[in-house]
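*Asks:* The following block contains the structure, expressed as structure tokens.
The values are calculated or read from the model by the stated rules, or taken from the named source; none is laboratory data. Bear in mind the structure is a predicted one, so any value in this text is a computation, not a measurement. Keep in mind that these areas ignore ligands, DNA and RNA; they rest on the heavy atoms of the full protein, side chains included. Shrake-Rupley method; radii C 1.70, N 1.55, O 1.52, S 1.80 Å.
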Amino acid sequence: MLRKHQIFSLASSSNPRRNLNVNSLKLFGFSALFTSTSTSTNPSASPDLSLTSELPDIPSWVSKQNTGTQPSGDDDFVIPSLATWIENHPKVRLVPTKKPEAPVEKLTKILKCPYLSPEIVVQALNASDLSVSDVSVDQLLKRFSNSWISAYGVFIWAKTQSGYTHTPELYNFMVDVLGKAKMFDLLLDLIEEMKQLKGYINLDTIFKVMRRLANARRFSEAIEVFRRIEELGVEKDVMALNGLLDALVKGDGVEHAFEAFVELKECIPLNSSTFNILVHGFCKARRLSDARKILNEMNEHGFRPCTVSFTCFIEAYCREKDFRNVDAILDEMKEKGCRPNAVTYTIIMHARGKAGEIGKALEVYEMMKKDSCLPDSAFYSSLIFILSKAGRLKDADEIFKDMVKQGVKPNALTYNTMISSACGHSLEEKALKLLKRMEEDSCKPDISTYAPLLKMCCRKKRMKVLNFLLSHMLNNDVSIDHTTYTLLVRGLCNSGKLEQACAFFEEMVLKGMIPKGSICTMLIEKLEKEDMIEAKQKIQDLVPNVKEPKITV
């Protein structure tokens with residue numbers, strides 16, 4: 001039987017974020033500090049549920065301080081042409097309402113509260129009148145995938161219900177959530193549990209574990225997982241090896257990937273992808289001579305370098321804006337009978353555009369057409385990006401329209417590019433209409449869809465629209481991650497919305513996410529400037545290691 005320390009050697013993998021969370025909560029008892037605060041200019045008016053659907057409640061240690069700030073007309077402003085859509089969009093209600101709540105809304109409200117541990121989450125869910133048959137566990141896990149305590153609590157709660165069994169896919173999803181949160185001790189327990197269930201561990205499970213370990217720079221442990229996968233019931237073949245090498249390369253550990261390759265190449269039959277992964281890794285690390293050596297070894301093993309191989313070199317030279325060598329690689333490809341594909345042309349065009357060479361970028365488009373290479377959605381998205389960046393918004397709009405005429409359906413990347421461009425040029429109505437069209441086209445948004453929209457709303461102080469977007473995210477099962485919390489705190493700070501900034505900051509910390517030092521310092525400086533001394537102290541207590549701002553005279 002495979003022992004835990006033999007799989008990962010993770011005996012000392014306790015997570016500092018859990019300690020921070022627990023200590024902060026025990027010290028101040030934050031569960032009692034949440035109070036609903038209406039920002040309506042009419043104190044007698046009943047609260048607007050659409051406004052309180054998703055913004056975290058203002059903590060009492062912030063709201064009871066008189067900051068001298070008043071809601072502005074921007075807070076409630078909604079562009080008239082979009083008002084009906086925004087008002088009628090389903091809200092995830094987090095305050096009492098006379099209307100019956102859908103089960104998923106009720107559980108979402110419970111899970112939004114801060115918890116010390118997954119066990120307390122289970123207790124809260126057990127206290128509800130709902131069972132696992134009332135909701136989709138998959139949906140709840142997606143909604144809280146960036147809050148491991150809530151997600152793991154849901155996972156445990158559902159598992160204990162009679163007549164219910166998690167699928168292997170949900171176990172794998174939970175493995176990824178815990179790995180992303182660097183909770184490797186709990187991940188280890190889950191792997192042991194899956195092993196006992198027989199047949200629940202598959203190659204996808206192993207990929208997720210190796211990738212998360214490599215991303216955490218635990219390279220030797222990722223390699224150890226591969227060495228022992230047969231004990232977990234997974235075949236040690238070339239697909240598994242390529243998964244390991246890919247994880248190590250993407251975690252910036254190409255040297256470890258090469259060492260694993262040298263160790264294992266004699267006992268596992270290789271394929272061309274094995275070599276291309278290493279070529280990509282060395283090119284990414286700007287070690288082009290080592291990448292060439294891999295090409296030579298590839299030939300020795302009977303595999304010809306292909307379009308993927310040469311595209312790795314093209315990407316490396318594009319990164320350096322060395323377009324002379326890009327052209328040389330293109331010539332070499334043609335000499336060896338390798339036709340550039342849409343990915344190759346997209347990389348070159350994107351690099352030319354970012355370098356400000358719009359004319360050259362469009363020449364790539366013409367070159368692509370001459371080679372009878374059909375553009376895909378990624379190519380169109382890149383073309384839209386470089387035209388927008390150059391201020392040629394009308395041209396970008398024409399490309400967006402033309403791709404549909406050419407039979408290429410816009411995907412999330414295309415919409416994200418268009419939305420980001422509109423937000424960057426403060427075209428609020430256009431950006432929101434694109435989100436609406438995305439919804440109408442049944443194109444599922446992701447976290448990159450919302451980031452520029454949230455940033456724009458913070459900048460313009462559109463608090464009602466900000467609430468709408470946060471609710472829209474939850475309805476699409478998009479979980480707020482560390483980067484988005486940082487964006488919100490920074491944006492609200494810069495807009496003078498310190499109460500809301502503190503609320504998001506606290507929610508971020510209580511979910512086990514450690515804010516960057518620069519964000520902590522920024523918030524503290526703003527609070528000190530507004531003489532919000534108690535709020536400043538609470539922020540410092542939440543993250544004890546934050547430095548005092550420098551006082552300039």
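*Asks:* Given region 193-263, what count of lysine pairs have C-alpha atoms under 17 Å apart, with each pair 8 or more places apart or on different chains?
*Replies:* Step by step, the pairs that qualify in region 193-263 add up to 4.
*Asks:* Next question. Taking a cut-off of 17 Å between Cα atoms, list the aspartates and glutamates near residue 497, but don't count ones fewer than 8 places away on the same chain.
*Replies:* Here the aspartates and glutamates satisfying the reach criterion relative to residue 497 are 54, 57, 74, 75, 76, 506, 507, 525, 528, 530, 531, 534.
*Asks:* Using only alpha carbon pairs under 8 Å that are at least six residues apart, calculate the relative contact order of region 105-239 and give it in whole percent.
*Replies:* 17
*Asks:* Please compare each pair in 370/394; 460/536; 180/284; 284/461; 142/265; 436/461 to a cut-off of 29 Å on the Cα-Cα distance and tell me which ones are over it.
*Replies:* From 370/394; 460/536; 180/284; 284/461; 142/265; 436/461, over 29 Å: 284/461; 142/265.
*Asks:* Another question about this same structure. Under 14 Å from the Cα of residue 334, which aspartates and glutamates turn up, not counting those fewer than eight places away in the same chain?
*Replies:* Within the straight-line limit of under 14 Å, residue 334 reaches these aspartates and glutamates: 371.
*Asks:* With every protein chain left in place, what is the accessible area per residue of region 247-373 in square angstrom, probe 1.4 Å?
*Replies:* Averaged over the residues of region 247-373, the accessible area is 49 Å².
*Asks:* Excluding residues on the same chain fewer than 8 positions from residue 182, give the aspartates and glutamates whose Cα lies under 12 Å from its Cα.
*Replies:* Hits, sequence-local ones excluded: zero.
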